[in-house]
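To start, the structure itself, in C-alpha cells.
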C-alpha cells in the first residue's frame with residue numbers, strides 16, 4: 001500500500017482505523033480541526049487557520065515547506081485523547097505528558113523559523 005499524505009488517512013491509521021472505514025470520519029475530522037486550533041495558537045500552520053473536511057487535505061498543505069514531523073505525532077496523541085482516551089490512568093497520563101512535550105518542542109521549533117508560516121500560500 002502506498003504511503004499517503006492525507007491528514008485524515010494518516011491520523012486514522014495511527015488510531016488503528018482503516019482508511020476505507022468512514023464510520024468515524026465526522027468525529028475524527030472534528031477532533032483534528034480542534035487540534036489545528038491549538039497548532040495555530042502555537043504559531044504553526046497558516047495564520048488564518050486550517051481545517052479539513054475530508055481525506056483530500058494533506059500535511060504538505062498544512063506544513064508548507066516546513067517539515068515539523070512531530071506535528072503528526074502530536075495530532076495523533078491529541079485526537080486519540082479526544083476520540084478514544086485510554087482506560088488506564090497510567091497510559092492516559094503518559095500520553096498527556098507526551099503531547100505536552102511535543103507541544104513545547106513544536107513551539108520551540110516554530111520560534112526558530114525565519115519565515116512565518118503565514119507566508120505560505122493557500123492552494
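The values are calculated or read from the model by the stated rules, or taken from the named source; none is laboratory data. Here the structure is a predicted model, which means the values were calculated and not measured. A quick note on method: Cβ atoms are made from the backbone with ideal geometry, for glycine too, and the neighbour counts reach across all protein chains shown.
What's the number of the condition residue 66 fails, among (1) at pLDDT below 95; (2) not in a loop (DSSP other than H, G, I, E, B)?
Unmet for residue 66, out of (1) at pLDDT below 95; (2) not in a loop (DSSP other than H, G, I, E, B): (2).
Considering region 77-94 alone, what residues qualify as being closer than 21 Å to residue 6 by Cβ and assigned to a loop (DSSP other than H, G, I, E, B)?
Within region 77-94, just 84 meets the criteria.
Conditions tested, residue by residue: (1) in contact with a strand residue (DSSP E or B) (Cβ under 9 Å, 6 or more places away or on another chain); (2) loosely packed, with under 11 Cβ neighbours inside 10 Å; (3) not in a loop (DSSP other than H, G, I, E, B).
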{"site": "20", "(1), (2), (3)": "no, yes, no"}
{"site": "40", "(1), (2), (3)": "no, no, yes"}
{"site": "48", "(1), (2), (3)": "no, yes, no"}
{"site": "61", "(1), (2), (3)": "no, no, yes"}
{"site": "75", "(1), (2), (3)": "no, no, yes"}
{"site": "96", "(1), (2), (3)": "no, no, yes"}
{"site": "108", "(1), (2), (3)": "no, yes, yes"}
